[in-house]
Amino acid sequence: MGEPEIDTISFTLVYQGDEIPVQTYRNQYISLMSLISDTLQIPDFGLCCGMGSCGTCVVEIGGMRGLACEISVDASLANTRILIP
């Protein structure tokens, strides 16, 4: 039996030194990129519209860099700090 899924997901976005608390729901956003684009007005962020080919949506989670368009908004993000360089 797997772990129960969390319906409410809370984490923190960090952009230009500002910490923005986020509370969302599982499956509310198709990707972390769409959540960030909806939450913050960041010039040139996510210009490729989620295709993963341009690198305009780079984020850092736990010291690991990745593309926000390839990251699902699910329980794995709960209680994390997501740095937007």
Could you list, ordered by first residue, the pairs with Cβ atoms under 6 Å in which the first is in the range 13-33 and exposed (fewer than 14 other Cβ atoms within 10 Å of the Cβ) and the second is at pLDDT 95 or above and not charged (D, E, K, R), at least 6 apart or interchain? Glu19/Thr12; Pro21/Thr12; Gln23/Ser10
Check the range 63-73 and report whether any residue there is under 12 Å from the mean Cα position of the chain (by Cα), surrounded by 14 or more Cβ atoms within 10 Å (Cβ to Cβ) and touching a residue at least 60 places away in the same chain (Cβ under 8 Å). yes
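The values are calculated or read from the model by the stated rules, or taken from the named source; none is laboratory data. If you're wondering where the values come from, they're calculated on a predicted model, not measured in any experiment. Glycine gets a Cβ as well: all are built from the backbone with ideal geometry, and neighbour counts include every protein chain shown.
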